[in-house]
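Input: a single structure, listed below in structure tokens.
The values are calculated or read from the model by the stated rules, or taken from the named source; none is laboratory data. Worth saying up front: this structure is predicted, and the values here are computed from it rather than measured. Every residue, glycine among them, receives a Cβ derived from its backbone with ideal geometry; neighbour counts consider all protein chains shown. Only protein heavy atoms, including side chains, enter the accessible area calculation; ligands, DNA and RNA are left aside. Shrake-Rupley method; radii C 1.70, N 1.55, O 1.52, S 1.80 Å.
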Amino acid sequence: MAGVGGGNDFQWCFSQVKGAIDEDVAEADIISTVEFNFSGDLLATGDKGGRVVIFQREQESKNRPHSRGEYNVYSTFQSHEPEFDYLKSLEIEEKINKIRWLPQQNAAHFLLSTNDKTIKLWKISERDKRAEGYNLKDDDGRLRDPFRITSLRVPILKPMDLMVEASPRRIFANAHTYHINSISVNSDHETYLSADDLRINLWHLEITDRSFNIVDIKPANMEELTEVITAAEFHPHQCNVFVYSSSKGTIRLCDMRDAALCDRHSKFFEEPEDPSSRSFFSEIISSISDVKFSHSGRYMMTRDYLSVKVWDLNMENRPVETYQVCKRNI
């Protein structure tokens, strides 16, 4: 009887299985971002193919008492298409970088999605009734001959199978030179910010042809550039406060009441580095990839290469909690 091959055989089998999975999964189907809405009933995912897939949480029923928590496909639509910038000879990928839900105001849902250059506002609505009995149109949509109309009809609504429609409402473009990495909706429900590597812009949801630059860290000489913006987020309750993180592992809190251009921060969050543990990779692993506020607005969470850190807005010199999510073997 053949013996067990050990670790090498296991690694070989794992590599074969992983290779088979990679061949079955297309590059365009790889998820690039996820976002829950405010109630948690809807989950939106964006992929590298520019598609947005929305999942809806199943409600618990007598027939399926344990079904709550399961998410099924609710709507799928193509949000972005590949483009080409002929002025810069630059190909713009369709990959969805970020999705943000707007607070629900009526029966419809609204969300923002962005690739590297263009932000789109989408309306997600349901339709379970259709109108019939038009005067100028037949039921199949064709126009009727006006001379054959001899009576006046009152259109009526009839039930139909539920249909979820996704329609674009606004397109915000041509405002970023570099790749967009963040969008965040303000608590005033009227404005939102978008951030790229060197600038943060403030938009109004009703105005698509202009935005206001509120942060610009681009130096006069690009050789003097030492850090880039990695993420930006509005405070959940104070519409004048936002934070942005950098590739150096720092977080800056800005107040838009101080100045139109927030080139000076109000608070600066940074954890001192232990000189004994510094290495060639220290700057790489300290880069913050995302920042989020707690629902109360008192705390914020940051994610770097190795850990998740919880910061108190009243304490800038160190986080109150640090959770290691990767082992440090560097």
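Restricting attention to the stretch 116-138, which residues are at pLDDT 85 or above and touching a Lys or Arg at 6+ places or on another chain (Cβ under 6 Å)? Result: L121, K123.
Results for (1) in a helix (DSSP H, G or I); (2) under 21 Å from the mean Cα position of the chain (by Cα); (3) surrounded by fewer than 16 Cβ atoms within 10 Å (Cβ to Cβ), shown as yes or no for each residue.
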position: S245; (1), (2), (3): no, yes, no
position: C254; (1), (2), (3): no, no, no
position: D258; (1), (2), (3): no, no, yes
position: R264; (1), (2), (3): no, no, yes
position: I284; (1), (2), (3): yes, no, yes
position: I288; (1), (2), (3): no, yes, no
position: M301; (1), (2), (3): no, yes, no
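Of all residues in the stretch 189-204, those that are in contact with an Asp or Glu (Cβ under 9 Å, 6 or more places away or on another chain) and open to solvent by 10 Å² or more (accessible area, probe 1.4 Å) total 3. Within the stretch 303-330, restricting attention to residues that are open to solvent by less than 30 Å² (accessible area, probe 1.4 Å) and of a type in the set (A, V, I, L, M), the residue that is nearest to K267 (Cα to Cα) is L313. Answer with yes or no whether E227 is within 20 Å of S294 (Cα to Cα), open to solvent by 30 Å² or more (accessible area, probe 1.4 Å) and not in a strand (DSSP E or B). Spelling it out, it is not the case that E227 is within 20 Å of S294 (Cα to Cα), open to solvent by 30 Å² or more (accessible area, probe 1.4 Å) and not in a strand (DSSP E or B). At least 1 residues being of a type in the set (G, A, S), in contact (Cβ under 8 Å) with a residue 40 or more places away in the chain and surrounded by 14 or more Cβ atoms within 10 Å (Cβ to Cβ) is the threshold, and among the strands (runs of 3 or more DSSP E) wholly inside the stretch 83-163 those reaching it are 109-114, 119-132.
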